[in-house]
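What follows is a short report on a single structure.
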Amino acid sequence: MFIQRSLCLLLLLFTTSAQAGYSHYWTWKAPPDSTKLKKCIEEMKLIVQASPVPLASVEGKGQPTIRDSLLTFNMQGKEDEIGEPFVFPGRTGHNFCKTGGKPYDAVVTACLLVLMDHFNNDEVTVTSDGNMAQDWEAGVALYKKVLNRTPKSGKASGFADIIDNINLKPKWDSNRLWIVLGLIVVGIAVAWYIFNPRPDFTVVVEEQGNVFVRGAFPEVYAKAVRAFFKEDLPMKSNTVVKGWNDQGGRFRLAFTGPVSDREQQQIRNFFGMLRKK
(Lines give C-alpha, C1' and ligand atoms only; values in the text may rest on other atoms or scores of the structure.)
Protein backbone atom coordinates (compact mmCIF):
# COMPACT_ATOMS: atom_id res chain seq x y z
CA MET A 1 0.00 0.00 0.00
CA PHE A 2 2.82 2.41 0.86
CA ILE A 3 4.56 1.68 -2.44
CA GLN A 4 1.35 2.24 -4.43
CA ARG A 5 0.65 5.55 -2.70
CA SER A 6 4.24 6.73 -3.26
CA LEU A 7 4.12 5.87 -6.97
CA CYS A 8 0.74 7.57 -7.36
CA LEU A 9 2.09 10.71 -5.66
CA LEU A 10 5.13 10.79 -7.96
CA LEU A 11 2.93 10.34 -11.05
CA LEU A 12 0.57 13.09 -9.91
CA LEU A 13 3.44 15.51 -9.28
CA PHE A 14 5.03 14.79 -12.63
CA THR A 15 1.73 15.04 -14.56
CA THR A 16 0.79 18.32 -12.88
CA SER A 17 4.23 19.83 -13.47
CA ALA A 18 4.36 18.66 -17.08
CA GLN A 19 0.90 20.12 -17.85
CA ALA A 20 1.83 23.46 -16.26
CA GLY A 21 4.85 23.76 -18.56
CA TYR A 22 3.13 22.45 -21.73
CA SER A 23 4.54 24.48 -24.64
CA HIS A 24 4.93 24.68 -28.41
CA TYR A 25 8.08 25.88 -30.17
CA TRP A 26 9.11 27.21 -33.58
CA THR A 27 12.67 27.97 -34.64
CA TRP A 28 13.48 30.22 -37.59
CA LYS A 29 16.67 29.23 -39.39
CA ALA A 30 16.68 32.60 -41.17
CA PRO A 31 14.44 35.69 -41.18
CA PRO A 32 11.10 34.77 -42.82
CA ASP A 33 10.30 35.93 -46.34
CA SER A 34 8.02 38.97 -46.05
CA THR A 35 5.65 37.88 -48.85
CA LYS A 36 5.19 34.41 -47.37
CA LEU A 37 4.82 35.90 -43.90
CA LYS A 38 2.00 38.22 -45.00
CA LYS A 39 0.03 35.34 -46.57
CA CYS A 40 0.67 33.19 -43.50
CA ILE A 41 -0.66 35.85 -41.11
CA GLU A 42 -3.71 36.41 -43.33
CA GLU A 43 -4.75 32.79 -42.74
CA MET A 44 -3.78 32.91 -39.07
CA LYS A 45 -6.11 35.91 -38.79
CA LEU A 46 -9.00 33.72 -39.95
CA ILE A 47 -8.10 31.17 -37.28
CA VAL A 48 -8.00 33.85 -34.57
CA GLN A 49 -11.34 35.30 -35.66
CA ALA A 50 -12.93 31.85 -35.44
CA SER A 51 -11.47 31.10 -32.01
CA PRO A 52 -13.83 29.04 -29.81
CA VAL A 53 -12.62 30.98 -26.76
CA PRO A 54 -12.35 34.75 -26.23
CA LEU A 55 -8.91 36.08 -27.21
CA ALA A 56 -7.26 39.31 -26.18
CA SER A 57 -3.94 41.14 -26.24
CA VAL A 58 -0.78 39.68 -24.76
CA GLU A 59 -1.89 40.88 -21.30
CA GLY A 60 -5.28 39.16 -21.54
CA LYS A 61 -7.20 42.39 -22.15
CA GLY A 62 -8.37 44.28 -25.23
CA GLN A 63 -7.98 42.71 -28.66
CA PRO A 64 -5.33 40.64 -30.45
CA THR A 65 -2.79 42.53 -32.55
CA ILE A 66 -2.95 41.61 -36.25
CA ARG A 67 -0.74 43.32 -38.85
CA ASP A 68 0.89 42.31 -42.12
CA SER A 69 4.05 41.19 -40.33
CA LEU A 70 2.89 40.65 -36.74
CA LEU A 71 0.25 38.63 -34.93
CA THR A 72 -0.04 38.47 -31.15
CA PHE A 73 -2.76 37.20 -28.83
CA ASN A 74 -3.46 35.57 -25.51
CA MET A 75 -6.48 34.05 -23.83
CA GLN A 76 -8.84 36.64 -22.36
CA GLY A 77 -8.82 36.68 -18.58
CA LYS A 78 -7.05 37.71 -15.42
CA GLU A 79 -3.29 37.42 -15.05
CA ASP A 80 -3.48 34.21 -13.02
CA GLU A 81 -5.92 32.64 -15.51
CA ILE A 82 -4.18 33.20 -18.85
CA GLY A 83 -1.16 31.51 -20.39
CA GLU A 84 1.80 33.03 -22.19
CA PRO A 85 1.15 35.11 -25.33
CA PHE A 86 1.54 33.80 -28.86
CA VAL A 87 3.86 36.27 -30.58
CA PHE A 88 4.40 35.58 -34.29
CA PRO A 89 6.70 35.46 -36.16
CA GLY A 90 8.92 36.14 -33.16
CA ARG A 91 12.66 36.44 -33.52
CA THR A 92 15.10 34.64 -35.78
CA GLY A 93 16.03 31.53 -33.82
CA HIS A 94 14.09 29.90 -31.00
CA ASN A 95 10.54 30.95 -30.03
CA PHE A 96 7.91 29.31 -27.86
CA CYS A 97 4.42 29.70 -26.40
CA LYS A 98 3.67 28.03 -23.06
CA THR A 99 -0.08 27.50 -23.15
CA GLY A 100 -0.21 25.08 -20.22
CA GLY A 101 -2.95 23.24 -22.11
CA LYS A 102 -5.40 26.12 -21.55
CA PRO A 103 -8.41 26.49 -23.92
CA TYR A 104 -6.60 28.83 -26.34
CA ASP A 105 -4.09 26.04 -27.04
CA ALA A 106 -6.25 24.96 -29.99
CA VAL A 107 -5.82 28.38 -31.62
CA VAL A 108 -2.04 28.26 -31.12
CA THR A 109 -1.68 24.79 -32.63
CA ALA A 110 -3.96 25.70 -35.55
CA CYS A 111 -1.77 28.73 -36.25
CA LEU A 112 1.34 26.54 -36.15
CA LEU A 113 -0.30 24.24 -38.72
CA VAL A 114 -0.78 27.31 -40.92
CA LEU A 115 2.88 28.17 -40.38
CA MET A 116 3.88 24.74 -41.70
CA ASP A 117 1.72 25.33 -44.77
CA HIS A 118 3.65 28.42 -45.82
CA PHE A 119 7.20 27.58 -44.72
CA ASN A 120 9.09 24.35 -45.19
CA ASN A 121 11.39 22.55 -42.78
CA ASP A 122 14.46 24.26 -44.23
CA GLU A 123 13.04 27.61 -43.14
CA VAL A 124 11.43 26.81 -39.79
CA THR A 125 11.06 23.80 -37.50
CA VAL A 126 8.07 23.28 -35.22
CA THR A 127 8.30 21.27 -32.02
CA SER A 128 5.89 20.55 -29.20
CA ASP A 129 5.63 19.01 -25.75
CA GLY A 130 2.42 17.34 -26.89
CA ASN A 131 1.54 14.34 -29.01
CA MET A 132 -0.05 15.47 -32.24
CA ALA A 133 -2.41 12.53 -32.57
CA GLN A 134 -3.93 13.34 -29.17
CA ASP A 135 -3.03 16.83 -27.96
CA TRP A 136 -3.40 18.65 -31.31
CA GLU A 137 -6.87 17.30 -32.20
CA ALA A 138 -8.66 20.52 -31.27
CA GLY A 139 -6.20 22.60 -33.29
CA VAL A 140 -6.52 20.33 -36.34
CA ALA A 141 -10.32 20.51 -36.08
CA LEU A 142 -10.27 24.32 -35.92
CA TYR A 143 -7.84 24.50 -38.85
CA LYS A 144 -10.05 22.27 -41.03
CA LYS A 145 -13.23 24.10 -40.05
CA VAL A 146 -11.84 27.53 -40.94
CA LEU A 147 -9.69 26.74 -43.98
CA ASN A 148 -11.71 23.79 -45.30
CA ARG A 149 -8.64 21.70 -46.07
CA THR A 150 -6.40 19.10 -44.50
CA PRO A 151 -3.24 20.41 -42.82
CA LYS A 152 -0.07 20.07 -44.83
CA SER A 153 3.57 21.10 -44.57
CA GLY A 154 5.64 22.47 -47.39
CA LYS A 155 4.71 21.19 -50.87
CA ALA A 156 3.57 17.73 -49.79
CA SER A 157 0.28 17.18 -48.01
CA GLY A 158 -1.10 14.76 -45.46
CA PHE A 159 -0.59 14.02 -41.79
CA ALA A 160 2.47 11.85 -42.43
CA ASP A 161 4.29 14.89 -43.77
CA ILE A 162 3.20 16.95 -40.78
CA ILE A 163 4.69 14.36 -38.45
CA ASP A 164 7.94 14.51 -40.41
CA ASN A 165 7.98 18.27 -40.00
CA ILE A 166 7.17 18.35 -36.31
CA ASN A 167 9.51 17.18 -33.60
CA LEU A 168 7.49 16.00 -30.60
CA LYS A 169 10.49 15.57 -28.34
CA PRO A 170 10.00 17.78 -25.26
CA LYS A 171 12.21 20.77 -24.64
CA TRP A 172 13.91 20.32 -21.29
CA ASP A 173 14.12 23.87 -19.95
CA SER A 174 15.76 24.51 -16.59
CA ASN A 175 12.48 24.52 -14.62
CA ARG A 176 11.37 21.14 -15.95
CA LEU A 177 14.85 19.71 -15.48
CA TRP A 178 14.84 20.69 -11.79
CA ILE A 179 11.36 19.16 -11.40
CA VAL A 180 12.52 15.87 -12.91
CA LEU A 181 15.68 15.85 -10.81
CA GLY A 182 13.59 16.50 -7.71
CA LEU A 183 11.27 13.61 -8.56
CA ILE A 184 14.28 11.35 -9.09
CA VAL A 185 15.62 12.29 -5.65
CA VAL A 186 12.21 11.60 -4.08
CA GLY A 187 12.05 8.26 -5.91
CA ILE A 188 15.51 7.29 -4.68
CA ALA A 189 14.55 8.24 -1.12
CA VAL A 190 11.36 6.17 -1.30
CA ALA A 191 13.24 3.19 -2.75
CA TRP A 192 15.93 3.49 -0.08
CA TYR A 193 13.28 3.57 2.65
CA ILE A 194 11.53 0.52 1.19
CA PHE A 195 14.63 -1.59 0.64
CA ASN A 196 16.56 -0.33 3.67
CA PRO A 197 14.06 -0.29 6.53
CA ARG A 198 14.99 1.18 9.89
CA PRO A 199 16.62 -1.49 12.08
CA ASP A 200 14.76 -2.82 15.11
CA PHE A 201 17.85 -2.38 17.28
CA THR A 202 21.47 -1.24 17.12
CA VAL A 203 24.56 -2.20 19.06
CA VAL A 204 27.16 0.58 19.19
CA VAL A 205 30.64 -0.64 20.06
CA GLU A 206 33.26 2.01 20.82
CA GLU A 207 36.97 1.35 20.53
CA GLN A 208 37.34 2.36 24.21
CA GLY A 209 35.28 -0.72 25.09
CA ASN A 210 31.91 0.92 25.74
CA VAL A 211 28.92 -1.02 24.38
CA PHE A 212 25.43 0.47 23.97
CA VAL A 213 22.37 -1.59 23.03
CA ARG A 214 19.45 0.45 21.75
CA GLY A 215 16.02 -0.29 20.33
CA ALA A 216 13.77 -3.36 20.45
CA PHE A 217 16.28 -5.90 21.68
CA PRO A 218 15.46 -8.47 24.39
CA GLU A 219 16.85 -7.06 27.63
CA VAL A 220 17.62 -10.56 28.82
CA TYR A 221 20.36 -10.78 26.16
CA ALA A 222 21.70 -7.23 26.43
CA LYS A 223 24.12 -8.08 29.24
CA ALA A 224 25.48 -11.06 27.28
CA VAL A 225 25.99 -8.84 24.18
CA ARG A 226 27.94 -6.27 26.19
CA ALA A 227 30.11 -8.98 27.69
CA PHE A 228 30.75 -10.52 24.27
CA PHE A 229 32.11 -7.32 22.75
CA LYS A 230 34.11 -6.41 25.86
CA GLU A 231 35.67 -9.80 26.56
CA ASP A 232 35.37 -12.14 23.56
CA LEU A 233 35.58 -9.73 20.62
CA PRO A 234 36.81 -6.24 21.58
CA MET A 235 36.71 -3.97 18.52
CA LYS A 236 39.71 -1.88 17.46
CA SER A 237 37.51 0.94 16.11
CA ASN A 238 33.97 2.22 16.44
CA THR A 239 31.45 -0.25 15.03
CA VAL A 240 27.67 -0.32 14.66
CA VAL A 241 25.72 -3.55 14.38
CA LYS A 242 22.21 -3.08 12.97
CA GLY A 243 19.67 -5.79 13.69
CA TRP A 244 16.18 -6.84 12.68
CA ASN A 245 13.96 -9.24 14.61
CA ASP A 246 12.99 -11.96 12.17
CA GLN A 247 10.31 -14.58 12.63
CA GLY A 248 11.30 -17.60 14.66
CA GLY A 249 13.27 -15.55 17.16
CA ARG A 250 16.34 -15.09 14.94
CA PHE A 251 18.22 -11.88 14.25
CA ARG A 252 19.23 -10.46 10.84
CA LEU A 253 22.36 -8.30 11.03
CA ALA A 254 24.17 -5.59 9.06
CA PHE A 255 27.43 -3.87 9.94
CA THR A 256 28.79 -0.33 9.74
CA GLY A 257 32.47 0.26 10.29
CA PRO A 258 35.72 -1.62 9.62
CA VAL A 259 34.51 -5.12 10.53
CA SER A 260 36.41 -7.99 8.92
CA ASP A 261 34.67 -11.01 7.42
CA ARG A 262 36.01 -13.14 10.26
CA GLU A 263 34.66 -10.73 12.89
CA GLN A 264 31.29 -10.56 11.13
CA GLN A 265 31.04 -14.35 11.18
CA GLN A 266 31.91 -14.45 14.88
CA ILE A 267 29.20 -11.89 15.62
CA ARG A 268 26.64 -13.77 13.53
CA ASN A 269 27.51 -17.03 15.30
CA PHE A 270 27.07 -15.36 18.68
CA PHE A 271 23.68 -13.86 17.79
CA GLY A 272 22.69 -17.20 16.26
CA MET A 273 22.89 -18.72 19.72
CA LEU A 274 20.47 -16.13 21.04
CA ARG A 275 16.72 -16.29 20.68
CA LYS A 276 14.01 -13.70 21.17
CA LYS A 277 11.80 -14.13 24.18
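The values are calculated or read from the model by the stated rules, or taken from the named source; none is laboratory data. Since the structure is predicted, the reported quantities are computational estimates derived from the model, not experimental observations. Because the Cβ atoms are built from the backbone with ideal geometry, glycine has one as well, and the counts that use them run over all protein chains shown.
Considering region 43-59, the residues that are over 33 Å from the mean Cα position of the chain (by Cα) and of a type in the set (D, E, K, R) include one that is surrounded by the fewest Cβ atoms within 10 Å (Cβ to Cβ), namely Lys45.
All conditions in (1) in contact (Cβ under 8 Å) with a residue 60 or more places away in the chain; (2) surrounded by 19 or more Cβ atoms within 10 Å (Cβ to Cβ) hold for Leu71, with the sole exception of (1).
If we keep just the residues of region 243-264 that are in contact with a Gly (Cβ under 9 Å, 6 or more places away or on another chain) and either touching a residue at least 24 places away in the same chain (Cβ under 8 Å) or not charged (D, E, K, R) (or both), which is nearest to Thr202 (Cα to Cα)? My answer is Gly243. Gly187 fulfils the conditions (1) part of a loop (DSSP other than H, G, I, E, B); (2) touching a residue at least 24 places away in the same chain (Cβ under 8 Å) except for a single criterion, (1).
Taking the stated definitions as given, is Lys223 of a type outside the set (Phe, Trp, Tyr), farther than 30 Å from Gly21 by Cα and part of a strand (DSSP E or B)? It would help to see each step written out before you state the result.
Values: of a type outside the set (Phe, Trp, Tyr): yes; farther than 30 Å from Gly21 by Cα: yes; part of a strand (DSSP E or B): no.
Considered against the rule, which asks whether it is of a type outside the set (Phe, Trp, Tyr), farther than 30 Å from Gly21 by Cα and part of a strand (DSSP E or B), Lys223 comes out as no.
Of all residues in region 216-231, those being surrounded by fewer than 16 Cβ atoms within 10 Å (Cβ to Cβ) and at pLDDT below 85 number 3. When region 28-81 is filtered for residues that are in a loop (DSSP other than H, G, I, E, B) and of a type in the set (A, V, I, L, M, F, W, C), the ones remaining, listed by number, are Ala30, Ala50, Val53, Val58. Considering each residue of region 150-169 in turn, none proves to be of a type in the set (A, V, I, L, M, F, W, C), at pLDDT 95 or above and more than 20 Å from Gly21 (Cα to Cα). Of all residues in region 232-240, none are closer than 30 Å to Asp129 by Cβ, modelled with pLDDT of 85 or more and outside the structural domain of Lys98 (by TED's automatic domain parsing).
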